Amino acid sequence: MLIDRTVPSFLDAISAADPTPGGGSAAALVGATGAALLEMVAGMPKTRTNAIAEREALDQAHSELAAIRRTLIDLIDRDASAYDLVIAAFRRPKATDEDKAERRAAIQEATRVATEIPLETIRVCVQAMRAGEAVVLHGNPSAASDGKVGYRLLHAAALSAKDNVDINLGGITDLALQASLRDESQQLADQAGALHAAVVSA
């Protein structure tokens, strides 16, 4: 599994000519790193003013971010596996009409999965950014840069995952599904941009 590799080994795998791991896995890794940074700041004993309400908000954020980080870690491998499904579908036999029909169906199903995985990455990154608002606003001032870096990484991960959604949409022949996935990814990207602008500049 990719998540069990060392950092140099993971980067070697990305830099190799093989199609996986690719941009989707990299986006999930960046998102997990951003969530981890916010989680770190949320877990620090000191808050901005040491008010009780700040501590409660940070404890809640810490719990949410820990769960989100685990989800993003899982998405690193899920994204690579999804693209492997696409490759396997295109390699299916096409000697007969039945083969061709089964191949087309397999390609569509694999493409749908390969689109929905990075869409989930965007969705989870936005959740992390919402949870991270409390961290940036109420966290230890000495770790302000860590919180902002975490927030910027989550924003970058969300936009990068959207790139993966967009490139896969063209392979989906169900136009209603294509439109639904496109609309959701754009709405989520817009939310990520608004959160980034509001929180990082605060």
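Quick note: the coordinates plus some simple rules give every number you see, no bench work behind them. The model shown is predicted, which means the values in this text are computed figures rather than measured ones. Cβ sites come from the backbone with ideal geometry, for glycine too, and all protein chains shown count toward neighbours.
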Legend entry - In range of the label at Asp84: residues from the range 159-195 whose backbone nitrogen is under 19 Å from the point 7 Å along Cα→Cβ: none
Inset, instruction - May I ask for the angle, rounded to the nearest 10°, between helix 144-169 and the longest principal axis of the chain, with both axes built from Cα atoms and the value confined to 0 to 90°? - result: 20 degrees
Inset, instruction - May I ask for the net charge around Arg91, where only other residues with Cβ less than 11 Å from the Cβ of Arg91 are counted and Lys, Arg are +1 while Asp, Glu are -1? - result: +2
Inset, instruction - Just subtract the alpha-carbon distance of Asp174 and Leu159 from 0.36 nm times their residue separation and send over the number in nm, one decimal. - result: 3.0 nm
Legend entry - C-alpha long axis of helix 175-200 to longest principal axis of the chain, angle in °: 20 degrees
Legend entry - the chain: radius of gyration and largest Cα-Cα distance (Dmax), Å: 19.2, 71
Inset, instruction - Working from Cα positions, state the angle (0 to 90°, nearest 10) between the long axis of helix 97-138 and the longest principal axis of the chain. - result: 10 degrees
Inset, instruction - Under a cut-off of 25 Å between alpha-carbon atoms, report the lysines in cross-link reach of Lys162, not counting same-chain residues fewer than 8 places apart. - result: Lys148
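Ranked highest first by average number of other Cβ atoms within 10 Å, how do 154-166, 123-135 line up?
Ranked by mean Cβ neighbours within 10 Å, highest first: 123-135, 154-166.
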